[in-house]
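Structure provided below as structure tokens; questions to follow.
The values are calculated or read from the model by the stated rules, or taken from the named source; none is laboratory data. Just so it is clear, the model here is predicted, and its values are computed rather than measured. With ideal geometry, Cβ positions are generated from the backbone for all residues, glycine too; neighbour counts draw on all protein chains shown.
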């Protein structure tokens, strides 16, 4: 079936306020993730010491998608919620409705080249100094989504492959060290 992404996900469900008492913050900015690979987060003793953009909270199963320079593919899937991981407001945090789309299947949708190209095209028309999009631009995309059982089969295949690639990358890193 064909859906608008707005029918499949909620966006930015939780955003912290500057005055919130959050300690031992691990901050992920938009440059800390590329094509699903997360780099190290920046540590701060409290939210008050973190950059003012450190406000978004993501849960396990969410997809974080940078609203700045879509062609740089700064997006990723949140496998586990890390207690004090806070994301930049430069991310749209997309929370799938599992009755309509499996979280990892939704991530696979967002990982497609046509999505990146479409959002880059939209962003190139923005009035800022660099290509940027709004969460609404993501929500307005239309996508084909199969039934949940078909999604499960596809997810099982891709998660198996992703796991094998992760192990291979770890082996390569150990060999290079």
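Which pairs turn up if I take residues in segment 141-157 that are closer than 12 Å to residue 7 by Cα and look for partners that are assigned to a helix (DSSP H, G or I) with beta carbon separation below 6 Å, at least 6 apart in sequence or on another chain?
Pairs found: 141/5; 143/109.
Yes or no, residue by residue, for (1) touching a residue at least 24 places away in the same chain (Cβ under 8 Å); (2) closer than 20 Å to residue 92 by Cβ; (3) part of a loop (DSSP other than H, G, I, E, B):
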| position | (1), (2), (3) |
| --- | --- |
| 6 | yes, yes, no |
| 21 | yes, no, yes |
| 27 | yes, yes, no |
| 31 | yes, yes, no |
| 40 | no, no, yes |
| 44 | no, no, no |
| 48 | yes, no, no |
| 52 | yes, yes, yes |
| 55 | yes, yes, no |
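If I go through segment 57-83 residue by residue, how many of them are in contact with a helix residue (DSSP H, G or I) (Cβ under 9 Å, 6 or more places away or on another chain), in a strand (DSSP E or B) and in contact (Cβ under 8 Å) with a residue 40 or more places away in the chain?
Summing the residues that are in contact with a helix residue (DSSP H, G or I) (Cβ under 9 Å, 6 or more places away or on another chain), in a strand (DSSP E or B) and in contact (Cβ under 8 Å) with a residue 40 or more places away in the chain in segment 57-83 gives 6.
Looking at 109, 86, can you tell me which residue is touching a helix residue (DSSP H, G or I) at 6+ places or on another chain (Cβ under 8 Å) and farther than 24 Å from residue 142 by Cα?
Going through 109, 86 in turn, just one is touching a helix residue (DSSP H, G or I) at 6+ places or on another chain (Cβ under 8 Å) and farther than 24 Å from residue 142 by Cα: 86.
Sticking with this structure for a sec: In segment 126-155, which residue that is surrounded by 11 or more Cβ atoms within 10 Å (Cβ to Cβ) and at pLDDT below 95 is farthest from the chain's Cα centre (by Cα)?
If we take residues in segment 126-155 being surrounded by 11 or more Cβ atoms within 10 Å (Cβ to Cβ) and at pLDDT below 95, then 126 is farthest from the chain's Cα centre (by Cα).
For segment 26-40: of the residues being modelled with pLDDT under 95 and touching a strand residue (DSSP E or B) at 6+ places or on another chain (Cβ under 6 Å), which is nearest to residue 97 (Cα to Cα)?
Ranking the candidates gives 36 first.
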